[in-house]
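Read the structure below first, then the notes.
The values are calculated or read from the model by the stated rules, or taken from the named source; none is laboratory data. Everything quoted here is computed from the prediction, not taken from an experiment. In this analysis, Cβ positions are derived from the backbone assuming ideal geometry, glycine residues included, and neighbour counts consider all displayed protein chains.
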Amino acid sequence: MESYRRNFRAFLAFFTPSFAWLGLFFFVPLGIIWLYSFGETEGLTKIRLTWTLENYKRLLEPEIISLFWRSVWLSVISTAICIVISYPIAMVIATAKAKWKPWLLLVIILPFWTNLLIRTYALLNILGTRGRLNDLLHWLWSAGDRALSMIGLGDYHLLGERFVPVKFLGEPAGVMIGLVYVYLPFAVLPIYASLERLDRSYLEASLDLGASQWRTFRQILLPLSSGGINTAMVITFIPMLGSFLIPDLLGRGQVDMIANVIERQFKSGNDWPFGSALSLFLLYITFILLALQSFHAMRQRKREEARG
Amino acid sequence: MNKSESPIISVKGVTKRFGSFTALQDISLDIRPGEIFALLGPSGCGKSTLLRIIAGLETATEGTVAIDGQDMTGIPANKRPVNMVFQSYAVFPHMSVADNVAYGLKLERRPAAEIREKVAEALAQVHLSDFAHRKPDQLSGGQRQRVALARALVKRPKVLLLDEPLSALDAKLRDAMRLELVKLQESVGVSFVIVTHDQSEALAMADRIAVLKDGVLRQLDSPAALYKRPVDRFVADFIGSINMFAVTGRRAEGGDAARLETAELGAIAVPAAHLPAAGKGALTLAVRPERVKVGAKAQKEAQGEGGLVSVAGRLGDVAFQGNSSIVEVLLEGGGSLSALVSEAEADHLMQAESGSPITAWWALDDMLILPENATAA
C-alpha cells in the first residue's frame with residue numbers, strides 16, 4: 001500500500017472505479033442535498049438556490065424540536081434496553097465451550113439474513129391487538145384470574161373484569177420493541193468481542209482477593225468491557241435515531257421519528273429544501289457521536305498498547 | 001523447621017478430571033508453615049491445576065484440601081485464607097497501583113486510615129512506594145509483578161500461591177527476582193507455593209519440591225535429595241543433567257546381585273542394595289557428569305567398596321564453561337556421555353587431538369539404577 005506513489009498507474013487502475021462510484025453516487029448527491037438546504041421551492045417542481053437560512057431556522061420550530069426529542073428518547077431507551085439484554089447474551093456466548101460459540105453467534109447473526117421489511121411485517125403480526133404477544137398476555141391473565149379465584153379472591157376482579165388487549169402498534173412501546181428487536185445483534189457482537197478478549201484471570205484475581213461475584217462484575221468486568229459497551233451504544237443508537245421503516249410500520253403514523261418527517265418533506269410535503277436541512281442535521285448529529293466514539297476508542301487503544 | 005508441626009496445607013487424594021482427561025491423579029502432599037514449596041513439572045503435568053484447586057478456582061473431582069486444619073471443600077475462592085499471584089499478574093488496568101493493593105482490604109470494610117497505612121506498608125515492602133498513583137500501563141512487567149505480590153500479601157494470607165512467577169520476566173530480571181522472592185518470603189514468614197516448569201528455579205528457591213508428571217506425583221523431596229537420589233528415570237532426567245544408559249538385559253548373579261547389560265557400557269555387575277526396590281519398566285543406568293572422570297587410563301583412587309565402572313571411547317567436543325568444561329566422550333559401544341571437568345583437566349585434555357582414545361570412569365556408588373516410573377504399580 002505504501003508504494004502507491006511509485007506505482008501511481010496501478011493505484012489509479014485499482015481505485016478509480018471505487019472512487020468514481022463513491023463520488024458519483026455519494027458525494028455528488030450529498031452535495032446536491034447540501035445545496036438544496038439553502039434553497040427555496042418555487043412552484044411545484046423547481047428549487048431556487050437563494051442561500052437562505054430559513055430551512056435551518058425552521059429546525060427550531062417547537063414541532064420539529066419535539067420530533068427530534070421524541071426520536072432521541074425513543075432511541076436512548078431502546079439503546080439502553082438493547083445493552084441490558086445483550087450483555088448477558090454476550091456473556092453466555094463468551095463463556096460457552098469453544099465448539100458451541102460459532103453456533104450461538106450464528107443464532108445472533110441469523111436475522112440479518114432476512115429482509116428488514118419482512119421482519120418488521122412479522123412484528124406487526126406479533127404486536128397487533130390480536131397478535132401473538134396479546135395471546136400470551138391473555139393466557140397469563142386467564143391463568144392469574146383463575147389462580148385468584150382459587151384462593152377466593154375471584155369476586156374482586158383484581159385483574160379487571162375482562163382481558164383488555166394491550167395496544168402496541170401506534171404506541172411508543174411498539175416502536176421501541178421493534179427497534180430493540182432489530183438492533184439487538186449490533187449490540188451483542190461488540191460486547192461479545194470485548195468480553196472474549198478479556199483475560200479471565202482479572203476476574204479470578206478479584207474473587208481470590210475476597211470479592212463477591214456481584215462485586216467482581218461491577219468493579220472489574222463492567223469497567224473492563226466498557227469499550228465494547230460504548231461501541232454497542234453508538235452502533236445501535238445511530239441507526240435507531242435515523243430509522244424509518246420501524247416507526248413507519250409499527251408507529252402507524254402516530255409515533256413519527258426524524259426519518260418519517262424527512263420522507264414526508266420529499267414526498268407528500270413537497271418541501272425538498274426543508275427535508276434536506278433535516279437530513280443534514282441528522283447527519284451532523286451522527287458525525288459528532290462517531291467522533292466522540294472514535295476519540296474514546298483511541299484513548300482505550302492507547303491504554304491497551306501501553307499495557308503490552 | 002519442626003517436622004512435627006502440623007501442615008498449613010494438606011492435600012489428600014486429590015484427583016481432577018476434565019471429561020475423560022485426568023489432569024491430577026490421587027495427589028497427597030503436605031505443605032509446612034513457613035516453607036517455600038515448589039510444584040515442578042513439564043507443561044501439562046497438572047501443577048497449575050493443583051494450585052488452582054488449592055486457591056478454590058477449580059474444584060477437585062475427588063479428594064480434599066485442608067488449609068490450617070480446616071477442610072476447604074465447598075468453600076469458594078473468595079472465602080479462602082490464601083491469595084494468589086497470577087502468571088499474567090492480573091493487575092487491574094483501570095485502577096492505580098494503590099487502588100489495586102487496596103482492593104482486597106476495602107472488601108474487608110476496614111477503616112480508610114488503616115487501609116492507607118497497610119497499602120503504604122505493602123508498597124514499601126516491594127519497593128513501589130513512589131509508584132502508588134501510577135496506572136499499571138505505566139509500569140514494567142517486573143513492577144506489575146510487585147503490585148500483584150503486594151496486593152496478595154496485604155491480605156495476610158496463610159499461604160501465598162504463585163503461578164509461574166518468573167516466566168514472564170527477562171533472564172536478568174528473573175535471577176534478581178528469584179533472590180528477592182526468597183527474601184520476601186523470609187520477611188513475611190508465610191508459606192509460598194510456587195508453580196514452575198523451570199527446574200533450576202525450583203532448585204534455587206524451594207525448601208521442598210514436588211515433581212509432577214502427567215498428573216502423578218513422582219517424587220517429593222528437598223532439592224539436594226531430588227538431585228542425589230531421584231527415584232526414577234523421569235525425575236533424574238528432569239532435574240539437572242545426567243548421562244543415561246538403557247539396560248537391555250538382566251541376569252541374576254550370586255546372592256541378590258545382578259548383571260545388567262547395556263549397549264554402551266557392556267555388562268556391569270551390581271550389588272542387590274543398588275537395585276531399585278519399587279517401580280516398573282525397563283531399568284536405566286545413570287551418572288551425573290560431575291561424577292565422571294576422564295583420562296588416558298582409569299585410576300583407582302578414593303572410591304567406595306563398590307568398585308569402578310570404566311568405559312573406553314574417543315574424545316569428542318570440549319565445551320568451555322568458565323571455571324569448568326564439559327567433555328564429550330564418544331563411546332565405542334555407540335552413543336556418548338558427558339563429563340564435567342575442572343579447568344586444569346580441560347587444559348590437559350585439549351592438548352590431545354579430537355578423536356584420540358580416552359577412558360571415562362566413575363565409582364559404582366555414584367551410579368544410579370533407575371526404574372522407568374517409581375510410582376507405577
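Values computed for the structure shown
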read-out	value
Segment B:132-142, residues that are over 25 Å from the mean Cα position of the chain (by Cα) and part of a helix (DSSP H, G or I)	B:136, B:137, B:138
Yes/no for residue B:200 being in a helix (DSSP H, G or I), modelled with pLDDT under 95, farther than 24 Å from residue B:55 by Cβ and out of contact with any helix residue (DSSP H, G or I) (no Cβ under 6 Å at 6 or more places or on another chain)	yes
Any hit, segment A:98-115, residues being surrounded by fewer than 15 Cβ atoms within 10 Å (Cβ to Cβ), touching a helix residue (DSSP H, G or I) at 6+ places or on another chain (Cβ under 7 Å) and of a type in the set (Phe, Trp, Tyr)	yes
Segment A:147-178, residues that are of a type in the set (Asp, Glu) and within 30 Å of residue A:77 (Cα to Cα)	A:171
In segment B:207-223, the residues that are at negative phi, buried (at least 19 other Cβ atoms within 10 Å of the Cβ) and either outside any strand (DSSP E or B) or not assigned by TED's automatic domain parsing to the domain that holds residue B:27 (or both)	B:223
For residue A:220: the one exception among (1) crowded, with 20+ Cβ neighbours inside 10 Å; (2) farther than 16 Å from residue A:120 by Cα; (3) within 19 Å of the chain's Cα centre (by Cα)	(3)
Residue in segment B:90-98 that is without any contact (Cβ under 8 Å) to a residue 60 or more places away in the chain, away from chain A (no Cβ under 13 Å) and surrounded by 23 or more Cβ atoms within 10 Å (Cβ to Cβ) present	yes
Number of the exception - residue A:297 against (1) under 23 Å from residue B:91 (Cα atoms); (2) more than 14 Å from chain B (Cβ to nearest Cβ); (3) surrounded by 15 or more Cβ atoms within 10 Å (Cβ to Cβ)	(3)
Residue in segment A:181-199 that is within 14 Å of chain B (Cβ to nearest Cβ), under 28 Å from the mean Cα position of the chain (by Cα) and either surrounded by 15 or more Cβ atoms within 10 Å (Cβ to Cβ) or among the hydroxyl-bearing types (Ser, Thr, Tyr) (or both) present	yes
Of residues in segment B:99-119 being away from chain A (no Cβ under 14 Å) and of a type in the set (A, V, I, L, M, F, W, C), the one surrounded by the fewest Cβ atoms within 10 Å (Cβ to Cβ)	B:113
Residue, nearest to the other protein chains (Cβ to nearest Cβ), within segment A:261-294, restricted to residues that are touching a Leu at 6+ places or on another chain (Cβ under 9 Å) and either under 30 Å from residue B:139 (Cβ atoms) or free of Cβ contacts under 8 Å to residues at least 24 places away in the same chain (or both)	A:283
Qualifying positions in segment A:269-294 - surrounded by 15 or more Cβ atoms within 10 Å (Cβ to Cβ) and outside any helix (DSSP H, G or I)	A:271
Residue pairs meeting the criteria (Cβ under 8 Å; at least 6 apart or on separate chains; first over 30 Å from residue A:257 (Cα atoms), in segment A:146-172; second assigned to a loop (DSSP other than H, G, I, E, B))	A:148/A:158; A:148/A:159
Any chance residue A:210 is surrounded by 17 or more Cβ atoms within 10 Å (Cβ to Cβ), within 14 Å of chain B (Cβ to nearest Cβ) and either closer than 30 Å to residue B:86 by Cβ or at pLDDT below 95 (or both)	yes
Count - residues of segment A:195-214 that are assigned to a helix (DSSP H, G or I) and either polar (S, T, N, Q) or over 15 Å from residue B:90 (Cβ atoms) (or both)	6
Yes/no for residue B:280 being basic (Lys, Arg), farther than 24 Å from residue B:238 by Cα and at pLDDT below 85	no
Near pairs, Cβ below 7 angstrom, 6+ apart or cross-chain, from segment B:330-345 (assigned by TED's automatic domain parsing to the domain that holds residue B:315 and surrounded by 15 or more Cβ atoms within 10 Å (Cβ to Cβ)) to any residue that is β-branched (Val, Ile, Thr) and in a loop (DSSP other than H, G, I, E, B)	B:337/B:292; B:339/B:292
Residue satisfying condition, being touching a residue at least 60 places away in the same chain (Cβ under 8 Å) and acidic (Asp, Glu), within set A:204, A:196	A:196
Residue match in segment A:102-119 (condition: in the same structural domain as residue A:254 (by TED's automatic domain parsing), part of a loop (DSSP other than H, G, I, E, B) and out of contact with any Asp or Glu (no Cβ under 8 Å at 6 or more places or on another chain))	yes
Flag for residue B:207 being under 22 Å from residue B:159 (Cα atoms) and at pLDDT 95 or above	yes
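Here's the yes/no breakdown for (1) over 20 Å from residue B:105 (Cβ atoms); (2) modelled with pLDDT of 95 or more; (3) within 13 Å of another protein chain (Cβ to nearest Cβ):
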position	(1), (2), (3)
B:121	no, no, no
B:138	yes, no, yes
B:147	no, yes, yes
B:155	no, no, yes
B:161	no, yes, yes
B:164	yes, no, yes
